[in-house]
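Coordinate-derived values only; no laboratory data. As the structure is a prediction and not an experimental result, all values here were calculated from the model. So basically every Cβ, Gly included, is an ideal-geometry build from the backbone, and we count neighbours across all protein chains shown.
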Amino acid sequence: MKEIVVFSSGAGSNAEKIISYFKKVSDVCISVVYTNNPAAGVLKKAKNHGVKTRVFSAQEYQKEVLKELLSINPAIIVLAGFLWKIPKNYIDNFPNKIINIHPSLLPKYGGNGMYGNNVFKEVFKNKEELTGITIHYIDEKFDTGPIIFQAQVKLLPNDDVTEIANKTRQLEHKFFSAQIHKLIR
Ligand code: GAR
């Protein structure tokens, strides 16, 4: 059985999609959903699906969590809306095994502070005609690791921030799980 570990800090719509997708895959399971945020919506979503959750503190993030991951030995670690930086010792222990999804066509609209609505507001402000998603490996900076997959969507002149967010999320939900599956196959 291949195990996937998911990290999420917020609502967890992507985490939920991933959980649902892999319920139908017999040789893969979601072993645990990790979050730094005790109020994260992802906790309820994971529990509803019977997936184990683990809330951790900044202190536990230094050592404990890494120790747990080493004992799980996951096939892949998926960051699905996880907002803390990944420490170097995690990357060293899991080379090419930690991936992230970002709601823009990187390298556009990436970097520190660029997450969720901050990204969509910038895309809107710059009157982009095209936006999309990027799935990439994690490196020591924000949003700069090698790109695995991108998908694009056209924007219309009257698309507001909410519509940009909707279009982007639809792409995430459509492609993320299958890309994860491809990577671990
Ligand atoms: C997703 O749109 C993801 O791309 C973004 O957070 C959202 C999480 O939504 N991640 C980043 O912005 C990382 N820089 P979700 O909790 O509903 O899956």
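Annotations for the structure displayed:
- Stretch gain in nm, segment GLN152-ARG54, where the contour uses 0.36 nm per residue and the Cα spacing is subtracted: 32.0 nm
- For segment 58-185, diffusion coefficient by Stokes-Einstein and Kirkwood Rh (Cα), 25 °C, 0.890 mPa s, µm²/s: 159
- When all alpha carbon pairs of segment 1-105 are counted in 5 Å bins from zero, the resulting P(r) reads 2, 12, 25, 27, 21, 10, 2, 0 %.
- Here is the list for segment 57-97: trypsin sites (Lys or Arg not before Pro) lying in DSSP coil, each with at most 16 other C-beta atoms within 10 angstrom of its C-beta, are LYS63, LYS85.
- Restricting the trypsin sites (Lys or Arg not before Pro) of segment 16-54 to loop positions (DSSP other than H, G, I, E, B) with no more than 12 neighbouring Cβ atoms within 10 Å leaves LYS24, LYS52.
- GluC sites (Glu not before Pro) within segment 77-155, DSSP loop, no more than 16 other Cβ atoms inside 10 Å: GLU129, GLU140
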